[in-house]
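Single-structure report; data block below.
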């Protein structure tokens, strides 16, 4: 056999030598195929394989039966979210689905002034006064953007932008 | 920031979108099918022999890598990076634009995985603590390999497991992880602990005690590079994985690596955020407990999956978890890749442009200060989601094959097939759990 350069992918795979064969384990695939075709079957082996196949089937069925439907609630109409801050309590965070470049209206009802941090790149800061303030927000990149209250340090909203 | 602790990312902007449900279910089903296929149709005698696997690397490559100047150049590179990080950490500004955070959390931690899988155990080659230990030893005329004592074998990888837990705790739980003071402190304590260990036990301490070196070495077991009697080899990642050295604490290391990545996905989910923000206990305590629970849970599932089998008198049951721990590493690497790929590309690129200005003076040392942001995978969510599922499933395939081969070596003949089922279910639990976390994030 002549000397082959290790960087001869086709030759290496064909001859089962060299760097590509080491990486792709040609011999392994050959022997795997041969073992599948020439599997010796005794009764014991057959029973074991049947048991394994049944276990696989049952587990598969359980998994698909238990699969949940994840329903993403789509808001119809203009996109608007209301956040209420009262007595230093932040609202419990919700996740809101939004389109890329779609404008969302954040209606902030608060008894004190404060600001919201929006974790986009770069981070945005939206200030609000006491009372009811309407802030407009647009996000240009897909992802899950967290909006948190600067004063309380808690997440108040998650925007799932896709 | 107020008294209540924030759970949002410190570095990087938006988080990844959750996986579409069809993709997650398809991934779970694929994992099941792969596992049972591997079990029922694959080989019956162990294939990987560490004394014979692999082929010698090309001569020019072996010459290059074994050349003394190459080793010295890598050490100089490591020390230069270390010096840069020290200068930026000590004299730089305490702002998010300081490149130290990106280098520490992204290039160093996340970047260690692809670097090791592609190039082998990189941390060992560039580790600044090894270099400092060697220099100090040379200056004082002693042998850097030997310390005052011999490293106690029963400690195994436990120091590295503790170090890794300390790192992930700081990254995922500690609320001030993007402030310069805590990062400096962590690095100083790490340096002190490593140099002390090196002085006490010699440089052999680093193979088991340096968290980054152990992490890098375990990931490098999935590369194609190996060594036997000093010669550089090329061998299949599966054969390489089989040569992982088993020592006490390996299960803990794997548990921390997988558990921390799983917790990172979990803590971004809305139910957890709601629970923590409405609970009376501090977020700090709850997050620490949850992180510990995830790491311990992974270790427990691995232990249960490996010991729930019949054994003979030759293999004590207590040794089995350590013998199978290496087969969970592909799942770790696959899940790490799925979770951090977009983060690595986005924040890593940002760090490249921040690196030109370490002291916040407006300098442009490397000409990268005005790099345009990368049009990354975030703008292609379907591609990103498919890549994530592919990475997780690939990790599962390699893991299933590796554990199958190890079972053939350690389990007695009559338990070889049925004894693998608990481990198979443990791996399915990891993979399906991982996909669920990516779906529910």
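Just so you know, all these numbers are worked out from the coordinates, no wet-lab data involved. Predicted model only: the values in this text are computed from it and were never measured. FYI the Cβ positions are ideal-geometry reconstructions off the backbone, even for glycines, and counts take in every protein chain you see.
Put a dot 7 Å past the Cα of residue B:118, heading toward its Cβ, do the same for residue A:132, and the two dots end up 5.5 nm apart. A crude spin-label estimate for the pair residue B:383 and residue B:81, with each label 7 Å from Cα along the Cβ direction, gives 2.7 nm. Cα centroid separation, segment B:375-436 to segment A:122-162: 38 Å. Centre-to-centre, using Cα atoms only, segment B:143-158 and segment B:228-301 are separated by 25 Å.
Run the helix sum for the protein assembly as shown: -39,500 (n - 2.57) per DSSP H stretch of 4+ residues, divided by residue count, reported at 222 nm to the nearest 500 deg cm²/dmol.
Numbers: 23 runs with 321 residues, N = 603.
Rounded to the nearest 500, the figure is -17000 deg cm²/dmol.
For segment B:82-132 versus segment A:88-120, the spacing of their alpha-carbon centroids is 36 Å.
I'd like to compare B:246-256, B:90-100, B:141-151: which one has the highest average count of other Cβ atoms within 10 Å, and what's the full order after that?
Working: B:246-256: 23.6, B:90-100: 16.6, B:141-151: 13.3.
Highest mean packing first, the order is B:246-256, B:90-100, B:141-151.
Normalising the Debye intensity of the protein assembly as shown to I(0), with uniform scatterers on Cα atoms only, and taking log10 at q = 0.05, 0.09 Å⁻¹ returns -0.25, -0.81.
How much of the DSSP beta bridge set in segment A:79-161 is antiparallel, as a percent to the nearest 5?
Numbers: 23 of 34 bridges.
DSSP beta bridges in segment A:79-161 are roughly 70 percent antiparallel.
Kindly identify chain B as rounded, prolate or oblate by the Cα gyration tensor criterion: order the square roots of the eigenvalues as a ≥ b ≥ c, call it rounded if a/c is under 1.5, otherwise compare a/b with b/c, prolate if a/b is larger, else oblate. Cα axes put chain B in the oblate bin. Listed by Cβ neighbour count within 10 Å, with the fewest neighbours leading, B:221, A:109 appear as A:109, B:221. The convex hull drawn around the Cα atoms of segment A:79-161, when projected onto a plane and averaged over every direction, covers 4.5 nm².
DSSP beta bridges fully contained in the protein assembly as shown are about 75 percent antiparallel. Per residue of peptide A:119-127, the mean number of Cβ atoms on other chains within 10 Å of the residue Cβ is 3.
When a/c is below 1.5 the answer is rounded, else prolate if a/b is larger than b/c, else oblate, so apply that to segment B:308-441 with a ≥ b ≥ c taken from the square roots of the Cα gyration tensor eigenvalues. Walk me through the numbers on the way to the answer.
Numbers: a/c = 4.45, a/b = 2.50, b/c = 1.78.
In terms of gyration-tensor shape, prolate.
Comparing mean-square fluctuations of B:139, B:19, B:384 from a GNM of chain B with C-alpha springs under 10 Å, the top value falls on B:139.
Our summary gives segment B:325-429 a relative contact order of 36 percent, counting only alpha carbon pairs under 8 angstrom and 6 or more residues apart. Note on chain B: with a GNM built from Cα contacts shorter than 10 Å, the maximum mean-square fluctuation among B:16, B:405, B:66 falls on B:66. Largest mean-square fluctuation among B:381, B:330, B:121, in a Gaussian network model of chain B whose springs join Cα atoms under 10 Å apart, belongs to B:381. Packing order of peptides A:148-156, B:353-361, highest average first: A:148-156, B:353-361 (average count of other Cβ atoms within 10 Å over each peptide's residues).
May I ask you to derive the relative contact order of chain B, considering only C-alpha pairs under 8 Å and at least 6 residues apart, and to give it as an integer percent? The partial results should precede the final answer.
On the way: 614 pairs, mean separation 116.1, N = 441.
For chain B, the relative contact order is 26 percent.
Summary value for segment A:86-141: 40 percent relative contact order, contacts being C-alpha pairs under 8 angstrom separated by 6+ residues.
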